There are 2 protein chains.
Amino acid sequence: MTDSNPNAALTAPSIPGDALPPVEQHAQQYATVRNAHETELIEDYVELIGDLLAHRGEARAADIANRMAVSQATVSKMIRRLNELELVTSKPYRSLFLTEAGQKMAETSRARHDIVLHFLRALGVKDATARIDAEGMEHHVSDETLAIMQRFTEQQQNN
Amino acid sequence: MTDSNPNAALTAPSIPGDALPPVEQHAQQYATVRNAHETELIEDYVELIGDLLAHRGEARAADIANRMAVSQATVSKMIRRLNELELVTSKPYRSLFLTEAGQKMAETSRARHDIVLHFLRALGVKDATARIDAEGMEHHVSDETLAIMQRFTEQQQNN
DNA sequence: CAAACAGTTTAGCCTTGGCTAACAATATTG
DNA sequence: CAATATTGTTAGCCAAGGCTAAACTGTTTG
């Protein structure tokens, strides 16, 4: 049986909105998610490093490890990758700093994160839950949706 | 410098909502996301298999590979895992079927997915974008937020 | 200023989720 | 019904992101 199965209309309930999307569109959805997964950990690190620099003045591997609940070895390995990607600069046994590209990424991630977090709170989600959800959702929200979330939050605040 | 750095208040802008969360809470956020990542691919497969069974009457590895834009070898390997997890039953060269546990998971995933998708549309997001975002977001939305999304969608529809 | 402690790195292991290539089974059709 | 096309499986590769244990560097302090 193929995707052009002529019996589909017989076996499936004919509710257009709930039908399977066309193969190409469906494949696109999954591919987009897989793609997001490749960058999201990188973005989380860069975002956290930016936050630590802003709030603490320095970003140490041990802090990152504690905040991410991950071993220091894992952080060390990841920092090597961030170095190769030219997102951070680091001297052994010293605090990290962001390159220009890293700063740009940190700002963008931080902005996305905040929009999603504020949106969830405006929706009425409890703070602790909103923080957890925002952390997971932020990498999967398109620019279009992000803009709508921001508008929604602003409207809520003007009431 | 540690997380109990007494100078934090000096270097950080004192906007409570934008301060770094306490380490334990922060760590919890990341751990929750990592955890979601472990199950989400499994859920995507099970959900898709359920959809194929519902709409087509059968779920073939080739269909899954096409819809996920992934090689047949990858699907084959994944099916072995789903078998081990007792979520599907399969005979070589035959259609897949869901076990009871698999059906339960498929229904839950499908329901979450639909709530998120309908919510995004109710918010005003274009259909194609909503589908992509929903696919990525569904695994990161808590029950609390999900309930709020559902209520929001219903209210929109009654206007 | 040497010893002890805290922080960092390296080595080496594991699992997951991709891939291609080669082979096996089933289905279709001339 | 044999040849061909489609579908499924297996083997073996790779990168990412975890881990522990051990070695090394830097800092603090008796």
Inset, instruction - Please enumerate the residues belonging to region B:90-113 that are polar (S, T, N, Q) and either away from DNA strand D (no atom under 16 Å from the Cβ) or within 11 Å of B:LEU48 (Cα to Cα) (or both). - result: B:THR99, B:GLN103, B:THR108, B:SER109
Legend entry - Any pair with Cβ under 8 angstrom, 6 or more apart, that starts in region B:127-145 at a residue that is facing chain A (nearest Cβ under 8 Å) and ends at one that is of a type in the set (Phe, Trp, Tyr) and open to solvent by less than 30 Å² (accessible area, probe 1.4 Å): B:GLU135/A:TYR30
Legend entry - Residue check for B:ALA59: within 27 Å of A:LEU41 (Cα to Cα), small (Gly, Ala, Ser) and surrounded by 17 or more Cβ atoms within 10 Å (Cβ to Cβ): no
Inset, instruction - Filter region B:62-94 down to residues that are open to solvent by 40 Å² or more (accessible area, probe 1.4 Å), under 18 Å from B:MET105 (Cα atoms) and not acidic (Asp, Glu), then give me how many there are. - result: 6
Inset, instruction - Return the total of residues in region B:28-49 being open to solvent by less than 20 Å² (accessible area, probe 1.4 Å) and more than 9 Å from DNA strand D (Cβ to nearest atom). - result: 10
Inset, instruction - Answer yes or no: is there a residue in region B:114-128 that is of a type in the set (Asp, Glu), more than 14 Å from B:GLU47 (Cα to Cα) and within 16 Å of DNA strand D (Cβ to nearest atom). - result: no
Legend entry - Residues within region B:113-159 that are at pLDDT below 95 and within 20 Å of A:THR129 (Cα to Cα), tallied: 0
Inset, instruction - Spot the failing condition for B:GLU86; the list is (1) without any contact (Cβ under 8 Å) to a residue 24 or more places away in the chain; (2) within 16 Å of DNA strand D (Cβ to nearest atom), and only one is missed. - result: (2)
Inset, instruction - Go through (1) at the interface with chain B (Cβ under 9 Å from one of its Cβ atoms); (2) more than 14 Å from DNA strand D (Cβ to nearest atom); (3) of a type in the set (A, V, I, L, M); (4) surrounded by 19 or more Cβ atoms within 10 Å (Cβ to Cβ) and name the single condition A:ALA54 misses. - result: (4)
Inset, instruction - Would you mind stating whether A:PHE152 is part of a strand (DSSP E or B), surrounded by fewer than 22 Cβ atoms within 10 Å (Cβ to Cβ) and not basic (Lys, Arg)? - result: no
Legend entry - Inter-residue pairs, beta-carbon under 6 Å, first within 10 Å of chain B (Cβ to nearest Cβ) and in region A:59-71, second among the hydroxyl-bearing types (Ser, Thr, Tyr) and within 8 Å of DNA strand C (Cβ to nearest atom), 6+ apart: A:ALA59/A:SER95; A:ARG60/A:SER95
Inset, instruction - Assess whether B:GLU43 counts as being within 8 Å of DNA strand C (Cβ to nearest atom), more than 8 Å from chain A (Cβ to nearest Cβ) and under 17 Å from the mean Cα position of the chain (by Cα). - result: no
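The values are calculated or read from the model by the stated rules, or taken from the named source; none is laboratory data. Please read these numbers as outputs of a predicted model, since none were measured by experiment. Backbone-built Cβ (ideal geometry, glycine too); neighbour counts: all protein chains shown. Each accessible area value is taken on the protein alone, full model and side chains, heavy atoms only, with ligands, DNA and RNA left out. Shrake-Rupley method; radii C 1.70, N 1.55, O 1.52, S 1.80 Å.
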